[in-house]
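The values are calculated or read from the model by the stated rules, or taken from the named source; none is laboratory data. Not measured: the values here are computed from a predicted model. All Cβ positions, even for glycine, are placed from backbone atoms using ideal geometry, and neighbour counts span all protein chains on display. Note: accessible area is taken over every heavy atom of the protein model, side chains too, but ligands, DNA and RNA are not part of it. Shrake-Rupley method; radii C 1.70, N 1.55, O 1.52, S 1.80 Å.
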Amino acid sequence: MANRGPSYGLSREVQEKIEQKYDPELESRLVNWIIVQCGEQIEHPRPGRQHFQTWLMDGTLLCKLINSLHPKGNEPIAKISESKMAFKQMEQISQFLKAAEIYGVRTTDIFQTVDLWEGKDMAAVQRTLMALGSLAVTKDDGCYKGDPSWFHRKAQQNRRGFSEEQLRQGQNVIGLQMGSNKGASQSGMTGYGMPRQII
């Protein structure tokens with residue numbers, strides 16, 4: 001972690017607002033999923049934002065997680081090193097983020113490397129992992145392990161086909177979005193500039 005002093009003023013308020021978005025219940029669900037999905041003897045971290053960050057910070061678990069969502073022999077990250085060097089750990093986090101984007105996670109749902117490595121925005125890390133889990137449940141390709149109720153299934157495309165006759169009939173209908181003139185009249189209207197008559 002970077003050696004930074006405490007923040008003050010507006011910086012502190014912004015940081016507190018970011019920290020309020022962190023969800024401890026979601027943390028425990030994500031930890032359970034990562035342990036089940038990776039399928040190894042992974043030590044359960046102590047609860048809390050700091051411990052969650054330390055658990056994921058070197059990037060090895062994230063790389064194992066994204067690899068486990070692909071069929072054997074088709075893993076996106078070929079080499080996972082358990083190095084203690086900062087730049088190697090940050091590189092592994094970046095590899096995870098690229099692989100997650102290729103997997104289908106939207107760029108707006110992906111956190112920045114410093115959000116995890118420096119612990120700046122752990123809620124963003126949670127959002128990325130939630131998006132990844134939801135995508136894995138939705139794909140339903142047999143690689144997802146764990147309880148499907150842990151994540152929301154994303155909506156699938158539902159194309160509709162209309163015949164030419166149905167489309168022609170639709171052109172003759174005045175939709176309620178366009179409004180209605182039933183019951184409208186100008187009775188009681190006064191000329192412009194005249195005061196309203198209250199009797």
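Quick notes
- Among residues of the stretch 35-58 that are without any contact (Cβ under 8 Å) to a residue 40 or more places away in the chain, those with a Cβ under 8 angstrom from a residue that is open to solvent by 40 Å² or more (accessible area, probe 1.4 Å) and in a loop (DSSP other than H, G, I, E, B), sequence gap 6+ or separate chain, pair up as I35/H44; D58/E82; D58/K84.
- Qualifying positions in the stretch 110-132 - at pLDDT below 90 and more than 19 Å from Q20 (Cβ to Cβ): T113, V114, W117
- Test set (1) small (G, A, S); (2) open to solvent by less than 60 Å² (accessible area, probe 1.4 Å); (3) free of Cβ contacts under 8 Å to residues at least 40 places away in the same chain - S149 fails condition number: (2)
- Failed item, numbered, when I18 is tested on (1) among the aliphatic types (A, V, I, L, M); (2) out of contact with any Asp or Glu (no Cβ under 9 Å at 6 or more places or on another chain); (3) open to solvent by 30 Å² or more (accessible area, probe 1.4 Å); (4) under 21 Å from W117 (Cβ atoms): (2)
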